[in-house]
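First the structure, in the form of structure tokens, and then the observations on it.
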Amino acid sequence: MKGKPSQCDLLLQHLKEHGSITGAEAFEKLGIYRLSARIADLRAEGYVIETQYKHKKNSKGEDVHYGEYILHS
């Protein structure tokens, strides 16, 4: 019997299916709180993952900055 998938497995599957992910998506959809650590793990395995920094306004009208991670094949 196979155990449950690791956070890296879940993250890699998401990146392959959707191409990118943000910290909010990782927490809400995958239950991953420390996304940057899992991205570092995947990069150490040889995956090429780009970080793009984004800016937008939150629901309070405040400027927020966040990273979006993009998988390159």
Count, please, the residues in region 60-73 that happen to be in contact with a His (Cβ under 9 Å, 6 or more places away or on another chain) and surrounded by fewer than 10 Cβ atoms within 10 Å (Cβ to Cβ). 2
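Would you mind stating whether Ser6 is polar (S, T, N, Q) and touching a residue at least 24 places away in the same chain (Cβ under 8 Å)?
Numbers: polar (S, T, N, Q): yes; touching a residue at least 24 places away in the same chain (Cβ under 8 Å): no.
So Ser6 does not fit the description; no.
Would you confirm, using the coordinates I've provided, whether Tyr33 is in a strand (DSSP E or B) and touching a helix residue (DSSP H, G or I) at 6+ places or on another chain (Cβ under 9 Å)? Quick ask: steps written out before the conclusion?
Numbers: in a strand (DSSP E or B): no; touching a helix residue (DSSP H, G or I) at 6+ places or on another chain (Cβ under 9 Å): yes.
So Tyr33 fails the test.
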Name, by its number, the condition in (1) surrounded by 12 or more Cβ atoms within 10 Å (Cβ to Cβ); (2) touching a strand residue (DSSP E or B) at 6+ places or on another chain (Cβ under 8 Å) that does not hold for Lys57. (1)
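When you go through Lys60, Lys54 one by one, which is the residue that is touching a Phe, Trp or Tyr at 6+ places or on another chain (Cβ under 8 Å) and outside any helix (DSSP H, G or I)? Step through it out loud before you land on a result.
Numbers: Lys60 fails: touching a Phe, Trp or Tyr at 6+ places or on another chain (Cβ under 8 Å).
So the residue among Lys60, Lys54 that is touching a Phe, Trp or Tyr at 6+ places or on another chain (Cβ under 8 Å) and outside any helix (DSSP H, G or I) is Lys54.
Pick from region 28-49 the residues that are charged (D, E, K, R) and either closer than 14 Å to Cys8 by Cα or surrounded by 11 or more Cβ atoms within 10 Å (Cβ to Cβ) (or both): which of them is farthest from the chain's Cα centre (by Cα)? Show your work before the answer.
Taking region 28-49 and keeping what is charged (D, E, K, R), we get 28-29, 34, 38, 41, 43, 45.
Okay, now just the ones that are also either closer than 14 Å to Cys8 by Cα or surrounded by 11 or more Cβ atoms within 10 Å (Cβ to Cβ) (or both), so 29, 34, 38, 41, 43, 45.
Working: Lys29: 10, Arg34: 9, Arg38: 8, Asp41: 12, Arg43: 12, Glu45: 15 Å.
Ranking the candidates gives Glu45 first.
Where a number appears in this text, it was derived from the coordinates with a stated rule and is not lab data. Everything numeric here is computed off the predicted structure, so don't read it as measured data. Glycine gets a Cβ as well: all are built from the backbone with ideal geometry, and neighbour counts include every protein chain shown.
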